[in-house]
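Undergrad: Have a look at the structure that comes next, please.
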Amino acid sequence: MPMDVLARTAEGLGLPLNARQLQQFEEYYHQLIAANRRVSLTSITDYQEVQRRHFGESLAVGAALYQAGVLKPDKGARVLDLGAGAGFPGLPMRIVCPALRLTILEATRKKTAFLERLLARLGLEDVTVITGRAETVAYEPTHREGYDLVLARAVAPLAVLVELTLPFLKVGGFLATPKGTRAPQEIAEASRALGTCGGRIVSAEPLPSPALPLRLVLVQKIAPTPATYPRRPGIPAKRPLR
Ligand code: SAH
């Protein structure tokens, strides 16, 4: 059976996949591998490893968000995946949860070109792809405070992510980011950024991850972010709020 590892993982997460979704993931895999020869999208190319580390881990993030009540079945939350690369974790989540209104923001044009082609092949025309940097797009009125949930995997340390992502969230919305063993240090180092940008840590629970020991760090926006954040492109990463 195609995508057998993923099918079992998804079942275990309480997100069973139908035949069309399995076929979409199979197509996603083949497009990813084909494009990866020209554009550097992933170092993980093995069929089973992609199922575990990219697709399965993305669905584990989705399952954790349903369990936490951040996402509700059939409710059309506005979701931004910031720095999605080849689409992780937002796109696998959208394949499984069609109610999500997903926008993907990615700075590298070659990666967004891949995503646009992929979305057309998968028949997911309602997903929006933006080529740009968080530091500039966050000042566009349709995006600032426009989202219920921001996802970001492997983009930046938490202190930097807080500055990049909180401007996109409505007050009351959530940032969800999977983190490895450094999660406690990253949380401690993010306290100034959280205070400045209007966030608080909600939880950092272990992810029901099929691959790696990860925690899902959940931050809630509890106050508006001052209008001067994020700072200019590159500055949040170069001089993190400490
Ligand atoms: N989330 C994906 C990709 C991680 S690599 C995954 O987990 O597989 C990080 C990606 O974030 C890169 O593609 C990079 O171009 C993008 N990125 C980094 N900083 C960014 C910023 N400030 N605005 C938009 N995209 C950014």
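Undergrad: Given the conditions (1) more than 13 Å from the chain's Cα centre (by Cα); (2) closer than 30 Å to residue 138 by Cα; (3) not in a loop (DSSP other than H, G, I, E, B), which single one is not true for residue 33?
TA: (2)
Undergrad: Does at least one position in segment 16-34 carry a residue that is touching a residue at least 24 places away in the same chain (Cβ under 8 Å), out of contact with any Asp or Glu (no Cβ under 9 Å at 6 or more places or on another chain) and small (Gly, Ala, Ser)?
TA: Checking segment 16-34: not a single residue is touching a residue at least 24 places away in the same chain (Cβ under 8 Å), out of contact with any Asp or Glu (no Cβ under 9 Å at 6 or more places or on another chain) and small (Gly, Ala, Ser).
Undergrad: Would you check if there is a residue in segment 91-103 being within 16 Å of the ligand (Cβ to nearest atom), among the small types (Gly, Ala, Ser) and either crowded, with 21+ Cβ neighbours inside 10 Å or more than 22 Å from residue 35 (Cα to Cα) (or both)?
TA: no
Undergrad: Same structure, new question: Can you pull out every residue in segment 207-234 that is polar (S, T, N, Q) and either closer than 30 Å to residue 10 by Cα or open to solvent by less than 40 Å² (accessible area, probe 1.4 Å) (or both)?
TA: 209, 220, 225
Undergrad: For segment 18-40, which residues satisfy the criterion of being open to solvent by 30 Å² or more (accessible area, probe 1.4 Å) and either under 17 Å from residue 87 (Cβ atoms) or among the aliphatic types (A, V, I, L, M) (or both)?
TA: 19, 23, 26, 27, 30, 31, 33, 34, 36, 38, 40
Undergrad: Determine whether residue 52 is surrounded by fewer than 22 Cβ atoms within 10 Å (Cβ to Cβ), under 17 Å from the mean Cα position of the chain (by Cα) and within 16 Å of the ligand (Cβ to nearest atom).
TA: Values: surrounded by fewer than 22 Cβ atoms within 10 Å (Cβ to Cβ): yes; under 17 Å from the mean Cα position of the chain (by Cα): yes; within 16 Å of the ligand (Cβ to nearest atom): yes.
The answer is yes for residue 52.
Undergrad: On to the next question. So which of 237, 204, 188 ends up being of a type in the set (Gly, Ala, Ser) and surrounded by fewer than 13 Cβ atoms within 10 Å (Cβ to Cβ)? Break it down into steps so the answer makes sense when it comes.
TA: Values: 237 fails: surrounded by fewer than 13 Cβ atoms within 10 Å (Cβ to Cβ); 204 fails: surrounded by fewer than 13 Cβ atoms within 10 Å (Cβ to Cβ).
Just one listed residue meets the conditions, 188.
Undergrad: The conditions are (1) open to solvent by less than 30 Å² (accessible area, probe 1.4 Å); (2) in contact with a strand residue (DSSP E or B) (Cβ under 6 Å, 6 or more places away or on another chain); (3) free of Cβ contacts under 8 Å to residues at least 60 places away in the same chain, and residue 106 fails exactly one of them. Which is it?
TA: Tallying (1) open to solvent by less than 30 Å² (accessible area, probe 1.4 Å); (2) in contact with a strand residue (DSSP E or B) (Cβ under 6 Å, 6 or more places away or on another chain); (3) free of Cβ contacts under 8 Å to residues at least 60 places away in the same chain, residue 106 fails exactly one: (2).
Undergrad: Being within 9 Å of the ligand (Cβ to nearest atom) and assigned to a strand (DSSP E or B) is the filter here; which residues of segment 104-120 pass it?
TA: 105, 106, listed by residue number.
Undergrad: Turning to a different aspect of this structure: Hey, can you tell me all the residues within segment 167-185 that are free of Cβ contacts under 8 Å to residues at least 60 places away in the same chain and buried (at least 20 other Cβ atoms within 10 Å of the Cβ)?
TA: 169, 173, 175, 177, 179
Undergrad: I've got another one for you. Evaluate segment 75-96: report whether one residue or more is over 21 Å from residue 134 (Cβ atoms) and in contact with a His (Cβ under 7 Å, 6 or more places away or on another chain).
TA: Within segment 75-96, not a single residue is over 21 Å from residue 134 (Cβ atoms) and in contact with a His (Cβ under 7 Å, 6 or more places away or on another chain).
Undergrad: Out of curiosity, is residue 202 part of a strand (DSSP E or B), at pLDDT 95 or above and away from the ligand (no atom under 13 Å from the Cβ)? Talk me through it step by step, then tell me what you get.
TA: Details: part of a strand (DSSP E or B): yes; at pLDDT 95 or above: yes; away from the ligand (no atom under 13 Å from the Cβ): yes.
So residue 202 passes the test.
Undergrad: Would you mention how many residues in segment 5-15 are open to solvent by 30 Å² or more (accessible area, probe 1.4 Å), touching a residue at least 24 places away in the same chain (Cβ under 8 Å) and assigned to a helix (DSSP H, G or I)?
TA: Result for segment 5-15: 1.
Undergrad: Still on this structure, I have one more. Working carefully through the options 31, 51, find the one that is in contact with a Leu (Cβ under 6 Å, 6 or more places away or on another chain) and farther than 25 Å from residue 180 by Cβ.
TA: Working: 51 fails: farther than 25 Å from residue 180 by Cβ.
Result of the check over 31, 51: 31.
Undergrad: For segment 111-129, which positions are buried (at least 17 other Cβ atoms within 10 Å of the Cβ) and either farther than 24 Å from residue 21 by Cβ or at pLDDT below 95 (or both)?
TA: So the first thing to find is which residues in segment 111-129 are buried (at least 17 other Cβ atoms within 10 Å of the Cβ), and the list is 111-112, 114-115, 118-119, 122, 127, 129.
Result: no residue meets the conditions.
Undergrad: For residue 84, are the conditions met, namely being part of a loop (DSSP other than H, G, I, E, B), buried (at least 23 other Cβ atoms within 10 Å of the Cβ) and within 15 Å of the ligand (Cβ to nearest atom)?
TA: For residue 84, the condition - part of a loop (DSSP other than H, G, I, E, B), buried (at least 23 other Cβ atoms within 10 Å of the Cβ) and within 15 Å of the ligand (Cβ to nearest atom) - is met.
The values are calculated or read from the model by the stated rules, or taken from the named source; none is laboratory data. Please read all numbers here as calculations on a predicted model, not as lab measurements. Don't worry about glycine lacking a Cβ; one is built from the backbone with ideal geometry, like all the others, and counts go over all protein chains shown. Please note that ligands, DNA and RNA were not included when accessible areas were found on the heavy atoms of the full protein model with its side chains. Shrake-Rupley method; radii C 1.70, N 1.55, O 1.52, S 1.80 Å.
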